[in-house]
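Notes to accompany the following structure.
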Amino acid sequence: MLFLTRSSIGGGLKQCSCALASVLNGGRWYCQSSAGRSPLDLLDEKIARNDIRPDDHQKKITAALQVVYDSIQNYSPPKATSGLGKWFSFGKPDKVEAPQGLYIYGSVGGGKTMLMDMFYDCCTMNRKRRVHFNSFMTDVHTKIHEIKLKQVRDVSNTKPQPFDPIKPVAEIITEDSWLICFDEFQVTDIADAMILKRLFTYLFNNGVIVVATSNRAPDDLYKNGLQRSNFVPFIGVLKSHCHVVNLDSGVDYRTATLKGEGMHYFVKSQMDADGAMDKLFKVLCSQENDMIRPKTFTHFGRNISFAKTCGQVLDSTFEELCDRPLGASDYIQISQFFHTILIRDIPQLNLKLKSQTRRFITLIDTLYDNRVRLVVSSDVPYKSLFSNDKPDDLHTSDEHRMLMDDLKITKDSTDASSNIFTGEEEAFAFERTVSRLAEMQSAEYWSLWEKHR
């Protein structure tokens, strides 16, 4: 029998011991004993056992999740049609009337993810999926690319042959899952922003139910983003299919419940950080059945090399992980291979290092969502890791100049003040990054992986 302790995970979860074995699901564990019980029942049990603190804000959100839970008990959308019905659209309604989902937003560390995961664990249907939004969109773009490659065009026909790959992608997603729980629903990429309305319209019409957490209210999604006017209709689609609730208790449980033991964040000015990192890496290597050596991943036709690995342990630098043009899909692959990552020499980040800061935020989100253990050495404490210092000119980087040229944006246009240039989104998101770094250095966070092993 396996007992799990999930301490100081967002929402004030101090200690949760389950008498049944936990299993991994999409990179996160859940207790099999949760299945079949309602969210409100499970919340009351956790409070009664003193696993979590009573919180009226969390109770309100759980009541909203209970409404969704009750509404889907006897619900199942129609299966995707096949054969002639697939091509001539008979046998399946154009739009499925489905129960409303839920969109939960609020400040960091208030318990949004914990409550959504609790709801997810209670649901017993097979066609469900819990996924970080960045990972979901990476998968969507991969499927779009694959479908485009399979599309056969009539080369003898010189007329335009329009083809929308998003509809078949939505069909594939629906066939796999009609209940999708998104963690960290956020829109920062223009490629994502331009397809979300069509994608989610198809998903909702297919009867998919969405439950999501976010730090942003729906109306603030993709705020000041490039060509946001094309994105705005998506907000109406989202709000028409999801009830919107706010969880903002003013408490960041991730940092409030830390006891200070199990420090895995070393400040270079306060100690011999390199020596501490070397010692810990040596201990971790002793637990691996491998030798210290370089490793190269091949991902989407590109080689991503790291100079120092041992088994499932990566000893890397900020330069290796964030100075190179890596994206969410690269970090997902890395997090699926390594269970522990050391990142050396993280500088104080600011808007002058916008690209590196954006990558670091995505990296930490991905590692956190996959419960990868993290060891860090940095120039400054984690609470001071981000500075609001702004560059004199927002458009000096080659990357920004090329983007402006491609989109025909001039410096005096409205799009020139979009958040991709100003760094507003990075500054907003970094609060979440700091909160997660605080939790990831704790002994409780590390114990999650140890218990799983």
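Below are the figures for this structure:
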read-out: Residue that is surrounded by fewer than 21 Cβ atoms within 10 Å (Cβ to Cβ), more than 21 Å from the chain's Cα centre (by Cα) and free of Cβ contacts under 8 Å to residues at least 60 places away in the same chain, where the choices are 306, 300; value: 306
read-out: Hits in the stretch 362-381 - residues which are of a type in the set (A, V, I, L, M, F, W, C) and either open to solvent by 10 Å² or more (accessible area, probe 1.4 Å) or on the phi > 0 side of the Ramachandran plot (or both); value: 380
read-out: Lone unmet requirement of (1) surrounded by fewer than 17 Cβ atoms within 10 Å (Cβ to Cβ); (2) at pLDDT below 90 for residue 323; value: (2)
read-out: Residues located in the stretch 369-398, provided they are modelled with pLDDT of 90 or more and not in a loop (DSSP other than H, G, I, E, B); value: 373, 374, 375, 376, 377, 378
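The values are calculated or read from the model by the stated rules, or taken from the named source; none is laboratory data. No experiment lies behind these values; they were computed from the predicted model shown. Note that each Cβ is placed from the backbone with ideal geometry, even for glycine, and that neighbours are counted across all protein chains shown. For the accessible areas, the whole protein counts, side chains as well, though only heavy atoms, and no ligand, DNA or RNA atoms are used. Shrake-Rupley method; radii C 1.70, N 1.55, O 1.52, S 1.80 Å.
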